[in-house]
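Heads up, the thing below is written out as structure tokens.
Bear in mind these aren't lab numbers, they're just calculated from the coordinates by the rules spelled out. Here the structure is a predicted model, which means the values were calculated and not measured. Here Cβ is always computed from backbone atoms with ideal geometry, including for glycine, and neighbour counts include all displayed protein chains.
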Amino acid sequence: MPGHNRDELTAELKITPSPRAEQPPQAQVEAVMRAAGEAGPAAHEAGPDSVVLSGGREEVLDAARRVTEAALDAGAKTVEVRVEAQEESGRFGEAGGRRGSP
Amino acid sequence: MEFLRPPSLHEALEAKAAHPEAVPISGGTDLMVEINFDRGRPETVLDLSRVPELAEWERENGHVRVGAGVTYERIIAELGEALPGLAMASRTVGSPQIRNRGTVGGNLGTSSPAGDGLPPLYASEAEVELSSTGGTRRVPVSEFVTGPKRNALRPDELISAFRMPRATGPQQYAKVGTRNAMVIAVCSFGLALCPERGRVEACIGSAGPTPIRTPEAERFVEGVMEEGGLWETRGPIGDAALRRFGEMVQAAARPIDDVRGTAAYRVHAIGVLARRSLGWAWDEYRRGGE
Amino acid sequence: MTRAQTTPTPTRVGPGPTTFSPGGIGESVRRPDGVPKVTGEFEFSSDMRLDGMLWGATLRSPHPSARIWSMDLSRAEAMPGVRAVLTHEDVPGRKVYGMETPDQPVLAWDRVRYQGEPVALVAADHPETAKRALGSIRVDYEVLDVVSSAEEALAEGAPELHPSGNLLRHVRIRHGDAEAAEARAEVVVRGEYEIGMQDQAFLGPESGLAVPDGRGGVDLYVATQWLHVDQDQLAESLGLPHDMVRLTLSGVGGAFGGREDLSMQVHACMLALHTERPVKIVYDREESFYGHVHRHPCKMRYEHGATRSGELVYVRASLVLDGGAYASSSTAVVANAARFACGPYRVPNAVLDAYVAYTNNPPCGAMRGFGAVQTCFGYESQMDKLAEKLGMDPIELRLRNAMKEGTRLPTGQKIEGPAPVAELLEKLREMPLPEGPGGGTRDLRELPGGVSNTTHGEGVVRGVGYAVGFKNVGFSEGFDDYSTARVRLSVTDDGPLVEVHTAAAEVGQGLVTVEAQIARTELGVEKVSVLPADTRVGSSGSSSASRQTYMTGGAVKLACEAIRRRLFETVAERHGEDPEGLALENGSVVSDGRFVVALDEILGAEPIEETVVHRHVETFPLDEDGQGDADVTYAFSAHRAVVDVDVELGLVRVVELATAQDVGKALNPQAVEGQIEGGTAQGLGLALLEEIQVRDGRVLNASFTDYLLPTILDMPPVRTEILELADPGAPYGLRGVGEPPNISTPPAVVAALRDATGRELPRMPVRPEALVGIADGPPRRRPQPGSAGYGTLGSLEERRDQ
Ligand SMILES: Cc1cc2nc3c(=O)[nH]c(=O)nc-3n(C[C@H](O)[C@H](O)[C@H](O)COP(=O)(O)OP(=O)(O)OC[C@H]3O[C@@H](n4cnc5c(N)ncnc54)[C@H](O)[C@@H]3O)c2cc1C
């Protein structure tokens, strides 16, 4: 059953590790996963080299930037970022909202 | 998978001699479960359900010889007087569907410590009849079952029958399971009184690697009866002796913890079953004298 | 030797429409699939076959937590008869899925997080070949530490299952001022309670047939609960647009929440698209235990404060749920647990915290009752404890605090419409008790232990217990919950016909019958045809949350009303009648009982069709203090359990379960009774038997040999009292029916067990060990002969020796 999770934004980051970097490819991906976990919004692995961040617009955009930086710092060759707005989130009422009646 | 379906015992034994790897199937209520669970994929299956000799039973001077293929349902319907303990155990097996198909031969073949057919056979010191083209040998059931799901059957042999004395006194079988039907025994207890020999015979099920006889507890009660002349007077045994019997049976149990129950519970429950079963059997004996 | 027989297989699959003449609403209508199911003629999804069909099978991780270093598929690929061997690399689209949080791999890549996690797929000509191929795949696992409980997962330094940690959601509710209220509490009771992992144990295991359309798309025939949420996730993971992934519901053998998440759907479609052949996947029972989510195990700590007269002053509760390895619907379940943690009572102050954590246990998600089952056991145990401490009758205490219309929940939400908690309890109190355990010879089947001959009356003690529970109907917390119905009124050679088309899943609850009854009632047409549910019509939402009659029944009603309006406009135009005065009766339009025109005539060759979307009132998310109007409406039920316990052996015979439930309006009374009895049986199962036993992440009893469901000898007759207090906001005033009985049964049974044994019984299911006071766990020292005070007796040998 679907419940409260209708996030405004999700960002998927896909990393191509560089074989020539200081750290081995596996370590580059792990560094990115760690950064994603610490970035704030909910982070989930989405494949061997992908992570999805989901949450509010500002926090996701913010986190996407930080994770991208972490990837580059770890030596990754490319980071593909795909940001998607959730269709339904607009219909989502305000937290703590009340019905019309007083 | 090759499927052999001999029409007679003779041909069944020949088939087994020719295909020692063939796995016999009677009711299939154990074997088919194994196959469904992918725990074994026999190359050859030897169907015994069409062998008429295996589906017969007969009286043999004070004993009953029961073909390995006689179903629980028939034991309940036809052998309730001659083998009441086994009939009671049969009533606790599975569901009507299982009792219509399942056989004591299959129960012996599986040799599970939880098999409900086994404690009555152990208590009455039944013999298992093993046949091959070379002949037939009889093995006491306690030697036939060599460990959990292990037995003394040779590759060229089939279980043709078991043989046990006709009941001469009350018998009981009680089984603890967490559900009120269709349940594998958490522990069980079989008991037979043999007034003419002054004997009490008992066996624990599902609380050790094999069914377990309880000689010390049996000798204790026999002593109580002998001492009080109870076989003759049919007087009450007394609570203290019943309890002591339960405790001595408990002491013989060697259960383990598993998903069905803890060892501690099994020991506890065995004691209760032993005490109650002896009480019921003795009450019946006393009423028999009225 | 016998040869395997070949029976011809059909070249088309899929269910047809169900056409019948139902009664109107309020009448008991027999379900059209009832007889075919009993006679074995009904086609379940596992029965479907198609020419040239392949069989799919799934390789699953034997480890609850491991890293995958490599996989060798070569032997499987080389096997004759094997048509495909696929891994995560072959997932065409998104490699993860999930209804709320896509965190679950379609196929694992470098890590597995629970025992049974899918790792690879095989399609083969024969199911046996597929199984053997699975066995030949070599996976190099490095076994990792197991996080085996939610507490462990939330402890400092626990290994993290997912990048953002193990806490999946914390719901915090602050209501009133509990601290200030503590001073007013004259009596305080505390308790810790626990509930094990129940399985839905639907009888028809997961199964479906995927048929490629030759143009890159796929049709999936599947037993599921919500076609469109499957379609969304399939489209994502297959990398296809929605119109290339079409679903049709096929015969469902029960669901209870366990079919809300995907199981074999993506796998079968991947294999079908890859091989360009139809592919069928059917789980066996063991695989089914690994193939779907379960009910959340939960540990609860409660503190109730009350005045000496028994008025609740405050409740504190901390709930910890084990979510297992992936999110599933955990975040919604934990919110339900929190919102209903105080029960259907007036609680002016509350501090509630509910946590759900990732662990290496099997994933948990939706199951009948959805979070409300767990807490009902907690708060009802507390109410009994409080009653005992106050020396009060447990029903009296409940009546004193019973919620009613206008009561505010801890979320601040006001109960609109009837909340008949007191009425339900009064009804139960009025029902006569069954006869006591008389002496004499009783049928063994009526005694604890049943036919196993464990007692002839010895040790048998009677106990009686009560419980009341409630939960929300429909989806909460701001979710856009709707259902779509397309209804068509036409004239056939046999007269007028109504066709009803929705995507709502008939999972056994009787939806097809109810849809037809509504159409019959609203349009006055005898013959109704319910079309197979599929994705050619808009979403109906899930057959869960006790919502489908409310939501899809409501949608059918609206669609019929729209048709009626159009029809009456035409009649008004052509016959000069006032549209307001018109009605439909027995295939005719009438005005004040006067015949105006036959439907055949007015419709002619022009059928009327309407597609309508039905939404319930808007709901809102909870804020940081857990405040908000999160729910649509509520459903209530109460149970009384009468048990006989063999207190020496800890065996139980439930003698009777009596229940009172408010259903708002019983559209099909027979089906309502069926739901109540079924939910009650499932509740009895949870109280006494049903638990997936998990040790260190491993399931110990993935079969019906050791996962015990109640049999007919365990399930007593149910005495049912149905109240019909209309819910003002609902179609026909109806409330959901399916879940409440599953909520209030377990605590009632446990209360009766406590009554009989005098033991605390803080954990469900209650095992015989607990009833006789032997702790679960490693065996203690065995009792020695003589330990019970009979040492002096000695054995005969010993006595002779003396
Ligand atoms: C739902 C269900 C419930 C059950 N409940 C119970 C229960 O309550 N109590 C209980 O004890 N058991 C129970 N069982 C297990 C089973 O029914 C019994 O063990 C039964 O006695 C097996 O008999 P069968 O004829 O079906 O054996 P089969 O399955 O045909 O065979 C069992 C084994 O014995 C071998 N075998 C069979 N006949 C011979 C022969 N003549 N010679 C040599 N080997 C042979 C087979 O090769 C196989 O290894 C249950 C099973 C099911 C499926």
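What does the charge add up to near C:Ala235, with Lys and Arg as +1, Asp and Glu as -1, over the other residues with Cβ less than 10 Å from its Cβ?
Details: positive: C:Arg94; negative: C:Asp230, C:Asp232, C:Glu236, C:Asp243.
Net charge around C:Ala235: -3.
Which of these, B:Val104, B:Val221, B:Val70, has the largest mean-square fluctuation under a Gaussian network model of chain B (Cα springs below 10 Å)?
With Cα springs under 10 Å in chain B, the top fluctuation among B:Val104, B:Val221, B:Val70 is at B:Val221.
What dipole magnitude, in Debye to the nearest 20, does segment B:2-165 give about its Cα centre under +1 on Lys/Arg Cβ and -1 on Asp/Glu Cβ? Walk me through the numbers on the way to the answer.
Numbers: 17 positive and 23 negative charges, 59 e Å.
Once rounded to the nearest 20, the dipole reads 280 debye.
In a solvent-free Debye calculation with one equal scatterer on each Cα, what is log10 I(q)/I(0) for segment B:171-288 at q = 0.09, 0.13, 0.14, 0.18 Å⁻¹, listed in the order of the q values?
For segment B:171-288 at q = 0.09, 0.13, 0.14, 0.18 Å⁻¹, log10 I(q)/I(0) is -0.23, -0.47, -0.54, -0.84.
List the pairs from C:Lys37/C:Lys527; C:Lys95/C:Lys557; B:Lys149/C:Lys37; C:Lys299/C:Lys665 whose alpha-carbon separation is above 31 Å, in the order I gave them. Numbers along the way, then the final one.
Values: C:Lys37/C:Lys527 22 Å; C:Lys95/C:Lys557 40 Å; B:Lys149/C:Lys37 38 Å; C:Lys299/C:Lys665 36 Å.
Table pairs above 31 Å Cα-Cα are C:Lys95/C:Lys557; B:Lys149/C:Lys37; C:Lys299/C:Lys665.
Projected area of segment C:482-615, taken from the Cα convex hull and averaged over every viewing direction, in nm²? Walk me through the intermediate numbers first.
Working: hull surface 31.9 nm².
So the mean shadow area of the Cα hull is 8.0 nm².
Please compute, over every Cα-Cα pair in segment A:3-85, the percentage with a separation greater than 16 angstrom.
On the way: 1482 of 3403 pairs.
Looking at segment A:3-85, the distances longer than 16 Å represent 44 percent of pairs.
Segment B:169-232 to segment C:682-699: how many Å between their Cα centroids?
What the calculation gives is 33 Å, centre to centre.
For the pair B:Glu227 and C:Arg695, what calculated FRET efficiency results from E = 1/(1 + (r/R0)^6), where r is the Cβ-Cβ distance and R0 = 41 Å, to the nearest 0.05?
Numbers: r = 49 Å, r/R0 = 1.20.
Efficiency, from the Cβ-Cβ distance: 0.25.
Mind checking which lysines have their C-alpha under 16 Å from C:Lys131, skipping anything on the same chain fewer than 8 residues away?
C:Lys280
Across 10 Å bins from 0, what is the distribution of all Cα-Cα pair distances for chain C, in whole percents?
P(r) over chain C, rounded to whole percents: 3, 13, 21, 23, 20, 12, 6, 2, 0, 0, 0, 0.
Rank C:Gly593, C:Thr535, C:Val487 by how far each Cα sits towards the positive end of the charge dipole of segment C:482-615 (+1 on Lys, Arg Cβ; -1 on Asp, Glu Cβ) and give me just the farthest.
Ranked along the dipole, the leading option is C:Thr535.
Quick check: the distance between the Cα centres of segment B:250-273 and segment B:22-80, to the nearest angstrom?
29
Can you give me the pair-distance distribution of the protein assembly as shown, C-alpha pairs, 20 Å bins, whole percents?
11, 35, 36, 16, 2, 0
Go through segment B:1-74 and name the trypsin sites (Lys or Arg not before Pro) that are in a DSSP coil and have 15 or fewer other Cβ atoms within 10 Å of their Cβ.
Values: sites: B:Lys16, B:Arg39, B:Arg50, B:Arg59, B:Arg65, B:Arg74; in loops: B:Arg39, B:Arg50.
Those satisfying the criteria are B:Arg39, B:Arg50.
Do any GluC sites (Glu not before Pro) in segment C:130-159 lie in a DSSP loop with no more than 15 other beta carbon atoms within 10 Å, and if so, which? Could the numbers behind the result be given before it?
Values: sites: C:Glu142, C:Glu151, C:Glu152, C:Glu156; in loops: C:Glu156.
For GluC sites (Glu not before Pro) across segment C:130-159 that sit outside H, G, I, E and B with at most 15 neighbouring Cβ atoms in 10 Å, the list reads C:Glu156.
Pairing the Cα long axis of helix B:215-228 with the longest principal axis of chain B, what angle in degrees results, from 0 to 90 and rounded to the nearest 10?
Once rounded, one gets 40 degrees.
Return C:Ile722, A:Ile15, C:Ile743 ranked ascending by Cβ neighbour count within 10 Å, so the fewest neighbours appear first. Walk me through the intermediate numbers first.
On the way: C:Ile722 16, A:Ile15 27, C:Ile743 31.
Starting with the residue having the fewest Cβ neighbours, the order is C:Ile722, A:Ile15, C:Ile743.
Please give the residues of segment B:9-44, grouped as numeric ranges, whose backbone N is less than 20 Å from a label point set 7 Å along the Cα-to-Cβ vector of C:Thr711.
B:27-34
Along the charge dipole of the protein assembly as shown, Cβ charges K/R +1 and D/E -1, which of C:Gly257, C:Ala756, C:Ser452 sits furthest on the positive end?
Farthest towards the positive end: C:Ser452.
With 10 angstrom as the radius, rank C:Asp261, A:Asp49 by how many other C-beta atoms surround their C-beta, starting from the fewest.
On the way: C:Asp261 27, A:Asp49 22.
Starting with the residue having the fewest Cβ neighbours, the order is A:Asp49, C:Asp261.
Against the longest alpha carbon principal axis of chain B, how many degrees, from 0 to 90 and to the nearest 10, is the axis of helix B:9-18 turned?
Approximately 70 degrees, to the nearest 10.
Only helical DSSP H runs with n ≥ 4 go in: add -39500 (n - 2.57) per run for chain C, normalise by residue count and round the 222 nm mean residue ellipticity to 500 deg cm²/dmol. Each step should come with its number before you reach the end.
Details: 19 runs with 196 residues, N = 802.
So the helix-based figure for chain C works out to -7000 deg cm²/dmol.
When you take every Cα atom in segment C:107-266, what is the radius of gyration, and what is Dmax, the widest Cα pair distance, in Å?
22.6, 74
So which GluC sites (Glu not before Pro) in segment C:161-220 end up in coil per DSSP with only 15 or fewer other C-beta atoms within 10 Å? All intermediate terms of the calculation are to be shown ahead of the outcome.
Details: sites: C:Glu179, C:Glu182, C:Glu186, C:Glu192, C:Glu194, C:Glu206; in loops: C:Glu186, C:Glu206.
Counting only loop positions with at most 15 other Cβ atoms within 10 Å, the GluC sites (Glu not before Pro) in segment C:161-220 are C:Glu186.
Where Rh denotes the Kirkwood radius from the mean inverse Cα pair distance, what is Rg over Rh for segment C:354-510?
Details: Rg = 23.9 Å, Rh = 21.7 Å.
In segment C:354-510, Rg relative to Rh is 1.10.
Cα centroid distance between segment C:501-530 and segment C:345-399, in Å?
For segment C:501-530 versus segment C:345-399, the Cα centre distance is 37 Å.
Taking Cα atoms, how many degrees apart are the long axis of helix B:263-288 and the longest axis of chain B, rounded to 10 and kept between 0 and 90?
70
Evaluated at 20 °C with a viscosity of 1.002 mPa s, what Stokes-Einstein diffusion coefficient in µm²/s does chain B have when Rh comes from the Kirkwood expression over alpha-carbon pairs?
110
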